[in-house]
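What follows is one structure encoded as structure tokens, with my remarks underneath.
The values are calculated or read from the model by the stated rules, or taken from the named source; none is laboratory data. Computed from a predicted model, the values in this text were never measured in an experiment. When we count neighbours, we look across all protein chains shown, and the Cβ atoms used for this are built from the backbone with ideal geometry, even at glycine. Each accessible area value is taken on the protein alone, full model and side chains, heavy atoms only, with ligands, DNA and RNA left out. Shrake-Rupley method; radii C 1.70, N 1.55, O 1.52, S 1.80 Å.
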Amino acid sequence: MSKRNPFNTPSRESLSTAGMAPSLGEAHSSMKVPQNAAWWKKFLAFVGPGYLVAVGYMDPGNWATDIAGGSQFGYTLLSVILISNLMAVVLQSLAGKLGIVTGRDLAQACRERFSMPVVIMLWVLCELAIAATDLAEVIGSAIALKLLFNIPMLYGVIITAVDVLLILVLQNKGFRALETLVIVLMATIALCFGIDLFLAKPDMGGVLHGFVPSTEILQNPAMLYIAIGIIGATVMPHNLYLHSSIVQTRQIEQTPQGKKEAIRYTTMDSTIALTLALFINAAILIVSAAVFHSAGMTQVAEIADAYHLLTPLLGTTVASVLFGVALLASGQNSTLTGTVAGQIVMEGFLNIRIPAWLRRLVTRLIAIIPAVIVTAIAGEHGTEELLILSQVVLSLQLPFAVIPLVMFTSDKKSMGAFANKLWLKITSWIIAAVIVVLNVYLIIQTIALF
């Protein structure tokens, strides 16, 4: 007779008895965590998944809202970026905890708990969200290629298809190779904007004041719209599925103490990574405020406009080049994590496994086809509108990922003693409600613009 589990959480063996293979089977428990080692050595073993998740918080879809917010309202909306990031920290910690405690990713948990019609609906919505994310990455990368190398947008969109080859190479190198590349690309983005910040010479007093929430944001309709756009573009639904799966790549002790330790280090990893994402998003807005708003240019909202205006206003082409390099790194980084998320979602919801290269190819084609059509017909301006539309699709899907996540992690039947404490349960539901209400408002306002 097996010993009773005092934490009332499912064992890894229960996955197979439920007819469910481990999430990301080829990488599941593939990385050893040193036992009886110093805390920092253990922490380093858990570093990686948080950075894959943080990538989604700084993808090209975020850039337009940050640029528009800085150029129109100076440093005021920095507080919105900070609040959005704090929300993300809470939600991602819940996603990591779900994966570690139950041995299931969010998609598998939905498949286990909901009826098949609901599961199919959630899967379709999530696939649409991933395609929309990929679309933003395609357009962002194509814009970067045009700005840096003067490659026409149409060709740039087509060129982005070759990153499928990069995915194939990384798959053969192991999951750690993917994490390493993502961290390097994130460091590149941070370095580029760090230098741009130095060149822009922002008013540090104004920056610090901007991190303090202002009632003006609620009173000014135009400012509120941009603020909601920042929140809507920040929390990515596919990141919640992604994080709940990739935390399981670590080989941890399947004991209450082992899981508790894994949750602690995983939360540290994602919090530090999301703090870096906060710096990058804040840097985009600060550069925009310091360069454009201070010069009276309050209508800069498009990525290409920001790139072209940085050189004459700062007096050096370095700023524009670094901006373009950061955008390219952002687009490529996001597409790497989008691939893994796509695999997790399909396997988790449907229990269907297809080769990752085929999954990537299908997802990329779904994103490229509309981008090619719009670019060919409407030109570059059409792609900017398509970028906005992709964020609306993401906003539509967000409640369908956040609400199940909060439900599952608050359920003592599933989580045992690891279920959300009362204060965390209340905080999580408030965050879910705020995100849902603001995203619905954003969708209504954006549709009204078209």
Given the criterion assigned to a helix (DSSP H, G or I), surrounded by fewer than 24 Cβ atoms within 10 Å (Cβ to Cβ) and of a type in the set (A, V, I, L, M), identify the matching residue among LEU358, LEU285.
LEU358
From the set of residues in region 101-120 that are among the small types (Gly, Ala, Ser) and not in a helix (DSSP H, G or I), which is most open to solvent (accessible area, probe 1.4 Å)?
SER115
Per-region count, region 42-66, residues over 18 Å from the mean Cα position of the chain (by Cα) and in contact (Cβ under 8 Å) with a residue 60 or more places away in the chain
4
Count, please, the residues in region 35-70 that happen to be part of a helix (DSSP H, G or I) and within 25 Å of ILE230 (Cα to Cα).
21
From the list LEU350, LEU389, which one is of a type in the set (A, V, I, L, M, F, W, C), over 15 Å from ILE158 (Cβ atoms), modelled with pLDDT of 75 or more and open to solvent by 10 Å² or more (accessible area, probe 1.4 Å)?
LEU350
May I ask you to say which residue of LEU242, LEU278 is under 30 Å from LEU44 (Cα atoms) and open to solvent by 20 Å² or more (accessible area, probe 1.4 Å)?
LEU278
Residue tally, condition under 16 Å from LEU91 (Cβ atoms) and more than 19 Å from the chain's Cα centre (by Cα), over region 422-436:
8
Tell me yes or no: at least one residue of region 121-138 is part of a loop (DSSP other than H, G, I, E, B) and surrounded by 21 or more Cβ atoms within 10 Å (Cβ to Cβ).
no
Expected single match for in contact (Cβ under 8 Å) with a residue 12 or more places away in the chain, open to solvent by 40 Å² or more (accessible area, probe 1.4 Å) and under 30 Å from PRO256 (Cβ atoms) among TRP423, TRP429 is TRP429
